[in-house]
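Down below is the structure, laid out as structure tokens.
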Amino acid sequence: MYRAHFGLRELPFGITPDTSFFFACSNYQQALNTLLVAAKNGEGFIKITGEVGIGKTLLCRKFMSTLDDSFVTAYIPNPFLEPRTLMLALADELEVAFEKDIDQYQLLKAINHRLLVLARLDKRVVLCLDEAQSMPLETLEALRLLTNLETEKRKLLQIVLFGQPELDVKLRDDTIRQLNQRISFHYDLRPLSRDDLEFYVSHRLSVAGFSGSRLFGRDAIRALGAASGGIPRLVNVLAHKALMLAYGEGKQQVRARHVRAAANDTSAARRFPWGWMWLGASSVAIAVVGIGLAVMK
């Protein structure tokens, strides 16, 4: 696509959670530090919340990859599961052997045995649950009961909940107040600040192999902030489209008009008045077609 044009090894603004692109601004580094300190202290429940697209999954993966080999991690990306199915998923993550028709009691016993074996090997087990706001209340309560598994010295299982702000609303439900009381560490991820945004864009470009001076003009950075609200996923989508537009024009720098065109082509972004634009809302699609035709020649 545009990699060779801008001197890039790879696309810099993908929306998959690639830990090599993790941006350690103060907000995200503090969240990561909170997770690491809580995990090493053996806390039962830890909670990370943030808006859609804020980077919770990337933070989760960075956290798991940062833990040393004294930790065993289990990851469940979609915990919209009934309690038994969640237990089965955890057992699978921990490589617990069990019969297909195992009952609930025997399943819990098998998980407990596996956790005890790992504890004797001086291993700590951390379960990370992404999209935790989607968990049914009865499944959240089953999680609380799992944290009752412990030795005289420490918990056998630590649980980290990553979720949207709706998770906080759900945790205030009176039926799971005991779980809410057990959350000892919590961090709320915030959007990128204006200064962070410029460093974020520069960081991703550098990781992708860009070695030039300034690929995104200052006006383009301001437009990215206005259109994305500092939400990293939206920044990535808009920056990618803006690069496509600049490439389609044969330009070596992205300007505000490219970002504005990208924003008007992206339903989740904050739109710009048509008077600010000389490119129509369909310009990104036109640029994509143009790029495709150029490649086919």
Which pairs turn up if I take residues in the range 244-255 that are assigned by TED's automatic domain parsing to the domain that holds Ser213 and look for partners that are basic (Lys, Arg) and assigned to a helix (DSSP H, G or I) with beta carbon separation below 9 Å, at least 6 apart in sequence or on another chain? Leu245/Arg257
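Return the residues of the range 172-191 that are over 21 Å from the mean Cα position of the chain (by Cα) and not acidic (Asp, Glu); say none if nothing qualifies. Lay out the reasoning, then the answer.
Of the residues in the range 172-191, the ones over 21 Å from the mean Cα position of the chain (by Cα) are 172-182, 184.
Arg172, Thr175, Ile176, Arg177, Gln178, Leu179, Asn180, Gln181, Arg182, Ser184, listed by residue number.
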How many residues are part of a loop (DSSP other than H, G, I, E, B) and in contact (Cβ under 8 Å) with a residue 24 or more places away in the chain when one looks only at the range 61-72? 2
Which residue out of Arg204, Arg271, Arg218 is farther than 18 Å from Phe23 by Cβ and at pLDDT 95 or above? Arg218
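Which one of these is touching a Gly at 6+ places or on another chain (Cβ under 7 Å), of a type outside the set (Val, Ile, Thr) and under 24 Å from Ala74 (Cβ atoms): Leu189, Leu167? Walk me through how you get there before you give the answer.
Numbers: Leu167 fails: touching a Gly at 6+ places or on another chain (Cβ under 7 Å).
Selected residue: Leu189, the only one of Leu189, Leu167 that is touching a Gly at 6+ places or on another chain (Cβ under 7 Å), of a type outside the set (Val, Ile, Thr) and under 24 Å from Ala74 (Cβ atoms).
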Give the residues of the range 32-60 that are surrounded by fewer than 21 Cβ atoms within 10 Å (Cβ to Cβ), of a type outside the set (S, T, N, Q), part of a helix (DSSP H, G or I) and under 18 Å from the mean Cα position of the chain (by Cα), sorted by residue number. Leu32, Leu36, Leu58
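Please go through the range 8-30 and pick out each residue that is under 12 Å from the mean Cα position of the chain (by Cα) and either in contact (Cβ under 8 Å) with a residue 24 or more places away in the chain or surrounded by 14 or more Cβ atoms within 10 Å (Cβ to Cβ) (or both). It would help to see each step written out before you state the result.
Taking the range 8-30 and keeping what is under 12 Å from the mean Cα position of the chain (by Cα), we get 15-19, 21-23, 28.
The answer is Ile15, Pro17, Asp18, Thr19, Phe21, Phe22, Phe23, Tyr28.
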All but one of (1) surrounded by fewer than 18 Cβ atoms within 10 Å (Cβ to Cβ); (2) more than 15 Å from Gly44 (Cβ to Cβ) hold for Gln133, so report the exception by its number. (1)
Here are the criteria: (1) modelled with pLDDT of 95 or more; (2) in a helix (DSSP H, G or I); (3) under 18 Å from Leu156 (Cβ atoms). Tell me which single one Tyr75 does not satisfy. (2)
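The values are calculated or read from the model by the stated rules, or taken from the named source; none is laboratory data. Note that this is a predicted model, so its numbers are computed, not measured. For neighbour counting, all protein chains shown are included, and Cβ atoms are generated from backbone atoms with ideal geometry for every residue, glycine included.
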